[in-house]
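Report on the following structure.
Coordinate-derived values only; no laboratory data. Given the structure is predicted, the values throughout are model-derived calculations rather than measurements. Here the Cβ positions follow ideal geometry from the backbone for every residue, glycine too, while neighbour counts run over all protein chains shown.
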Amino acid sequence: MLSYKNIHIIGTSHISIESIQEITHYIQEEKPEIIALELDKARLQALFHKQKPSFQDIPHLGVKGFLLNIIGHYIEKKLGKLVGVSPGDEMKQAVILANKYSLQISLIDQPIDITLKKLSKQLTWKEKFRLLKEILKALIIRDQSIKFDLRKVPPPSLIRKMIKTIKKDYPSVYNVLIKDRNEIMAKNLYTLINSNPDKKILAIMGAAHKEDVIKIIRQY
């Protein structure tokens, strides 16, 4: 966990049992007054209504954005089955506990349709072919080069290594899914901190975001 002033950030894995346990323990023991989540309204609604990618999404996501959404949904669902946790269950648990203890919820992420549209526009053909190759490889060959327990959040050193690889091999993916959203979430959290200086804030986001988000907040 990282902290700055009155904000505490828990970095999660979206299919990690460990993340659910850490969030549950912190909220029950520390009783934060505000829960900030790496979600937008559409993703929050999807968590509780089991919404799957639909052809009705094409008009506002575009064909490429729709396909990217399907791929991401499939990969997370497949990994989630391996550990018995549905993708985003740690966020769902945070919302359930926030309602139980009457805590304020703040959604700090960019709308998913904007993110997918940006990604579909910026993703180069080179990155598309490389991504397709990696997906096919993962389906056919079980890569043993990196081993870690899916039930736990990867250690910081491995997260940094993975981010470095994404930045090198998929610069568009890095810019849209990580860098841009880090800046958006940091800005929203900075506003939340200054609007609620006397309240304890718990921010929950993917572990790949937390170090840069706290760095950007400090720069503000």
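Summary of computed values
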| item | result |
| --- | --- |
| Full-extension gain in nm, K5 to K167, via 0.36 nm per residue minus C-alpha separation | 55.3 nm |
| Extension gain, R218 back to Q104 (0.36 nm per residue minus Cα-Cα distance, nm) | 38.7 nm |
| Cross-link partners of K167 among aspartates and glutamates (Cα-Cα below 17 Å; sequence separation of 8 or more within a chain) | E127, E134, D180, E183, E211, D212 |
| Zone residues, the range 149-186, relative to L131, backbone N less than 19 Å from point 7 Å out along Cα-to-Cβ | 162-182 |
| Members of K100/K187; K41/K179; K117/K152; K126/K215; K100/K199; K121/K161 lying beyond 23 Å, as alpha-carbon distances in this model show | K100/K187; K117/K152; K126/K215; K121/K161 |
| Length released on extending from E183 to K31, taking residue separation times 0.36 nm less the Cα-Cα span | 52.0 nm |
| Where a label projected 7 Å from the Cα of K121 along Cα→Cβ would reach, residues of the range 173-191 with amide N under 20 Å | 173-185 |
